[in-house]
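Before any comments, here is the structure.
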Amino acid sequence: MLTISAVATTSLSMAKKKSNTVPLLTESWTLPPAATLGSSVRAKGILMELRAKLPFTVRRDLDIAGMVLTLAVPEDDEDEFKAARAKVSKLLETMESLPVLPREIEDILTISTTERRRWLEDGRLPSGGIRTVRLRGRAKRITFHVFEPKVVEELLNSGAIDEWREHDLAAKAENRRRAAHQAKLTRSLKKAKSARPPERSSAELSGWEEFDRDGLLR
(Lines give C-alpha, C1' and ligand atoms only; values in the text may rest on other atoms or scores of the structure.)
Protein backbone atom coordinates (compact mmCIF):
# COMPACT_ATOMS: atom_id res chain seq x y z
CA MET A 1 0.00 0.00 0.00
CA LEU A 2 1.53 3.29 -1.06
CA THR A 3 1.92 6.07 1.47
CA ILE A 4 0.88 9.31 -0.19
CA SER A 5 1.34 12.68 1.43
CA ALA A 6 0.06 15.82 -0.20
CA VAL A 7 2.14 18.93 0.27
CA ALA A 8 0.16 22.16 0.07
CA THR A 9 2.99 24.58 0.72
CA THR A 10 5.57 25.70 -1.80
CA SER A 11 8.82 23.77 -2.06
CA LEU A 12 11.80 26.09 -1.77
CA SER A 13 14.33 23.39 -2.67
CA MET A 14 12.45 22.44 -5.83
CA ALA A 15 12.17 26.10 -6.70
CA LYS A 16 15.95 26.47 -6.51
CA LYS A 17 16.31 23.50 -8.82
CA LYS A 18 14.25 25.38 -11.38
CA SER A 19 16.57 28.39 -10.83
CA ASN A 20 13.70 30.67 -9.90
CA THR A 21 11.32 31.39 -7.04
CA VAL A 22 8.05 30.65 -8.80
CA PRO A 23 5.52 29.18 -6.34
CA LEU A 24 5.08 25.46 -6.89
CA LEU A 25 2.28 22.96 -6.61
CA THR A 26 3.81 19.83 -5.09
CA GLU A 27 2.87 16.33 -4.08
CA SER A 28 4.97 13.50 -2.70
CA TRP A 29 4.78 9.71 -2.61
CA THR A 30 6.87 7.41 -0.43
CA LEU A 31 7.87 4.26 -2.32
CA PRO A 32 7.14 1.11 -0.27
CA PRO A 33 9.78 -1.61 0.31
CA ALA A 34 7.70 -4.02 -1.76
CA ALA A 35 8.36 -1.80 -4.80
CA THR A 36 12.01 -0.86 -4.19
CA LEU A 37 13.13 -4.08 -2.43
CA GLY A 38 15.31 -1.79 -0.36
CA SER A 39 17.37 -0.61 -3.32
CA SER A 40 18.08 3.03 -4.18
CA VAL A 41 19.03 1.87 -7.68
CA ARG A 42 15.60 0.25 -8.02
CA ALA A 43 13.97 3.46 -6.74
CA LYS A 44 15.79 5.46 -9.42
CA GLY A 45 14.64 2.90 -12.00
CA ILE A 46 11.04 3.42 -10.92
CA LEU A 47 11.51 7.17 -11.31
CA MET A 48 12.82 6.72 -14.86
CA GLU A 49 9.91 4.39 -15.69
CA LEU A 50 7.41 6.95 -14.43
CA ARG A 51 9.07 9.84 -16.24
CA ALA A 52 8.94 7.91 -19.52
CA LYS A 53 5.15 7.68 -19.22
CA LEU A 54 4.57 11.35 -18.39
CA PRO A 55 4.18 14.16 -20.95
CA PHE A 56 7.56 15.53 -21.98
CA THR A 57 6.79 18.94 -20.50
CA VAL A 58 6.52 17.60 -16.93
CA ARG A 59 8.99 14.71 -16.92
CA ARG A 60 11.69 16.70 -15.16
CA ASP A 61 9.16 18.01 -12.65
CA LEU A 62 9.10 14.56 -11.07
CA ASP A 63 12.19 13.77 -8.97
CA ILE A 64 13.27 11.53 -6.14
CA ALA A 65 15.17 11.95 -2.87
CA GLY A 66 15.86 8.71 -1.05
CA MET A 67 12.62 6.75 -1.39
CA VAL A 68 10.34 9.79 -1.76
CA LEU A 69 9.05 10.89 -5.14
CA THR A 70 8.10 14.55 -5.49
CA LEU A 71 6.16 16.23 -8.25
CA ALA A 72 6.65 20.00 -8.38
CA VAL A 73 4.92 22.05 -11.07
CA PRO A 74 4.67 25.87 -11.33
CA GLU A 75 1.52 27.19 -9.69
CA ASP A 76 0.16 28.63 -12.93
CA ASP A 77 0.15 25.13 -14.52
CA GLU A 78 -2.52 23.70 -12.23
CA ASP A 79 -4.24 21.62 -14.89
CA GLU A 80 -0.94 20.07 -15.94
CA PHE A 81 -0.11 19.38 -12.30
CA LYS A 82 -3.43 17.64 -11.66
CA ALA A 83 -3.07 15.47 -14.75
CA ALA A 84 0.50 14.49 -13.89
CA ARG A 85 -0.40 13.80 -10.25
CA ALA A 86 -3.23 11.49 -11.28
CA LYS A 87 -0.97 9.74 -13.79
CA VAL A 88 1.78 9.12 -11.24
CA SER A 89 -0.68 7.87 -8.61
CA LYS A 90 -2.15 5.41 -11.10
CA LEU A 91 1.22 4.16 -12.33
CA LEU A 92 2.53 3.63 -8.82
CA GLU A 93 -0.15 0.97 -8.29
CA THR A 94 1.74 -1.32 -10.70
CA MET A 95 5.34 -0.54 -9.72
CA GLU A 96 5.64 -3.55 -7.41
CA SER A 97 5.39 -5.84 -10.46
CA LEU A 98 7.82 -3.80 -12.58
CA PRO A 99 10.55 -6.17 -13.94
CA VAL A 100 13.89 -5.88 -12.18
CA LEU A 101 16.75 -4.65 -14.37
CA PRO A 102 20.28 -6.15 -14.27
CA ARG A 103 21.85 -3.25 -12.38
CA GLU A 104 18.93 -3.32 -9.94
CA ILE A 105 19.18 -7.02 -9.11
CA GLU A 106 22.91 -6.61 -8.54
CA ASP A 107 22.22 -3.87 -6.00
CA ILE A 108 19.31 -5.69 -4.34
CA LEU A 109 21.15 -9.01 -3.92
CA THR A 110 24.61 -7.44 -3.53
CA ILE A 111 26.06 -9.57 -6.32
CA SER A 112 28.61 -8.84 -9.03
CA THR A 113 27.96 -8.69 -12.76
CA THR A 114 30.05 -11.86 -13.16
CA GLU A 115 27.90 -13.72 -10.62
CA ARG A 116 24.68 -12.53 -12.24
CA ARG A 117 25.81 -13.72 -15.66
CA ARG A 118 27.12 -17.06 -14.37
CA TRP A 119 23.98 -17.90 -12.41
CA LEU A 120 21.74 -16.77 -15.27
CA GLU A 121 23.67 -19.00 -17.69
CA ASP A 122 23.54 -22.13 -15.50
CA GLY A 123 19.85 -21.63 -14.67
CA ARG A 124 20.11 -20.84 -10.96
CA LEU A 125 18.93 -17.29 -11.62
CA PRO A 126 15.77 -17.58 -13.74
CA SER A 127 15.17 -14.98 -16.42
CA GLY A 128 11.93 -13.04 -16.32
CA GLY A 129 12.09 -12.18 -20.00
CA ILE A 130 14.03 -10.13 -22.51
CA ARG A 131 14.01 -6.36 -22.98
CA THR A 132 15.45 -4.41 -25.88
CA VAL A 133 16.16 -0.69 -25.57
CA ARG A 134 17.96 1.98 -27.54
CA LEU A 135 20.73 3.82 -25.75
CA ARG A 136 20.23 7.55 -25.47
CA GLY A 137 21.84 9.39 -28.37
CA ARG A 138 22.76 6.15 -30.16
CA ALA A 139 21.20 4.14 -32.94
CA LYS A 140 22.39 0.85 -31.45
CA ARG A 141 19.93 -1.25 -29.50
CA ILE A 142 20.88 -3.50 -26.59
CA THR A 143 19.06 -6.61 -25.38
CA PHE A 144 19.22 -7.93 -21.83
CA HIS A 145 17.42 -10.20 -19.37
CA VAL A 146 15.07 -8.82 -16.72
CA PHE A 147 13.88 -10.57 -13.57
CA GLU A 148 10.58 -11.12 -11.78
CA PRO A 149 10.30 -9.06 -8.55
CA LYS A 150 8.81 -12.00 -6.63
CA VAL A 151 11.73 -14.25 -7.59
CA VAL A 152 14.24 -11.58 -6.58
CA GLU A 153 12.47 -11.06 -3.25
CA GLU A 154 12.54 -14.81 -2.55
CA LEU A 155 16.26 -14.96 -3.28
CA LEU A 156 16.83 -11.96 -1.04
CA ASN A 157 15.06 -13.62 1.91
CA SER A 158 16.13 -17.24 1.39
CA GLY A 159 19.91 -17.03 1.80
CA ALA A 160 20.34 -18.83 -1.53
CA ILE A 161 23.03 -16.41 -2.68
CA ASP A 162 25.38 -17.48 0.14
CA GLU A 163 24.78 -21.13 -0.75
CA TRP A 164 25.53 -20.47 -4.42
CA ARG A 165 28.77 -18.74 -3.52
CA GLU A 166 29.86 -21.63 -1.29
CA HIS A 167 29.04 -24.08 -4.08
CA ASP A 168 31.03 -22.03 -6.60
CA LEU A 169 34.04 -21.81 -4.27
CA ALA A 170 33.99 -25.58 -3.75
CA ALA A 171 33.67 -26.21 -7.49
CA LYS A 172 36.53 -23.80 -8.18
CA ALA A 173 38.77 -25.55 -5.64
CA GLU A 174 37.92 -28.94 -7.15
CA ASN A 175 38.70 -27.70 -10.65
CA ARG A 176 42.06 -26.39 -9.45
CA ARG A 177 42.83 -29.73 -7.79
CA ARG A 178 42.00 -31.64 -10.96
CA ALA A 179 44.04 -29.24 -13.09
CA ALA A 180 47.03 -29.60 -10.75
CA HIS A 181 46.73 -33.41 -10.83
CA GLN A 182 46.52 -33.42 -14.63
CA ALA A 183 49.54 -31.13 -14.89
CA LYS A 184 51.53 -33.38 -12.54
CA LEU A 185 50.57 -36.48 -14.56
CA THR A 186 51.58 -34.78 -17.81
CA ARG A 187 54.96 -33.81 -16.35
CA SER A 188 55.53 -37.37 -15.11
CA LEU A 189 54.76 -38.86 -18.54
CA LYS A 190 57.11 -36.41 -20.24
CA LYS A 191 59.87 -37.20 -17.73
CA ALA A 192 59.44 -40.96 -18.16
CA LYS A 193 59.51 -40.63 -21.92
CA SER A 194 62.67 -38.54 -21.89
CA ALA A 195 64.42 -41.02 -19.53
CA ARG A 196 63.62 -44.11 -21.66
CA PRO A 197 66.64 -45.28 -23.80
CA PRO A 198 66.02 -44.94 -27.53
CA GLU A 199 65.22 -48.12 -29.43
CA ARG A 200 68.06 -49.28 -31.68
CA SER A 201 67.36 -50.17 -35.28
CA SER A 202 68.67 -53.34 -36.92
CA ALA A 203 71.31 -51.29 -38.69
CA GLU A 204 72.74 -50.25 -35.33
CA LEU A 205 73.05 -53.77 -33.86
CA SER A 206 76.67 -55.03 -33.65
CA GLY A 207 77.36 -58.05 -35.91
CA TRP A 208 73.92 -57.95 -37.52
CA GLU A 209 75.25 -57.94 -41.06
CA GLU A 210 77.40 -61.06 -40.42
CA PHE A 211 74.46 -62.75 -38.69
CA ASP A 212 72.22 -62.07 -41.66
CA ARG A 213 74.89 -63.05 -44.21
CA ASP A 214 75.37 -66.49 -42.62
CA GLY A 215 71.73 -67.19 -43.28
CA LEU A 216 70.79 -67.79 -39.71
CA LEU A 217 67.54 -65.87 -40.17
CA ARG A 218 66.38 -68.09 -43.06
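The values are calculated or read from the model by the stated rules, or taken from the named source; none is laboratory data. In this text, all values refer to a predicted model and were calculated from it rather than measured experimentally. Counting neighbours? That spans all protein chains shown, and the Cβs are built from the backbone with ideal geometry, glycine included. For accessibility, only protein heavy atoms count, side chains too; no ligands or nucleic acids. Shrake-Rupley method; radii C 1.70, N 1.55, O 1.52, S 1.80 Å.
Taking the Cβ of SER28 as the center, what net charge do the other residues with Cβ under 11 Å away carry, scoring Lys and Arg +1 and Asp and Glu -1? Counting the neighbours of SER28, the net charge comes to -1.
Listed by chain and number, the aspartates and glutamates whose C-alpha is less than 15 Å from the C-alpha of LYS193, apart from same-chain residues fewer than 8 away, amount to an empty set. Using a simple spin-label model with pseudo-atoms 7 Å out from Cα toward Cβ, ARG178 and ARG138 lie 3.7 nm apart. Accessible area ranking (1.4 Å probe, heavy atoms, ligands and nucleic acids excluded), largest first, for LEU156, LEU91: LEU156, LEU91. A full extension of the chain between ARG117 and LYS190 corresponds to an added length of 22.4 nm, given 0.36 nm per residue minus the alpha carbon distance. Other residues with beta-carbon under 15 Å from the beta-carbon of ALA43 carry, at +1 per Lys or Arg and -1 per Asp or Glu, a net charge of -2. For the peptides 163-170, 80-87, residues were scored by their other Cβ atoms within 10 Å and the scores averaged per peptide; the highest-first order is 80-87, 163-170. For the range 179-189, the Karplus equation 6.51 cos²θ - 1.76 cosθ + 1.60, evaluated at θ = phi - 60°, returns couplings of 5, 5, 5, 5, 5, 5, 5, 5, 5, 5, 5 Hz by residue, with Gly and Pro reported as x. A simple count of charges around THR113, restricted to other residues whose Cβ falls under 13 Å of its Cβ and scoring Lys, Arg +1 and Asp, Glu -1, yields -1. Pairs from the table (LYS150/LYS172; LYS44/LYS140; LYS82/LYS140; LYS140/LYS172) lying more than 26 angstrom apart at Cα are LYS150/LYS172; LYS82/LYS140; LYS140/LYS172.
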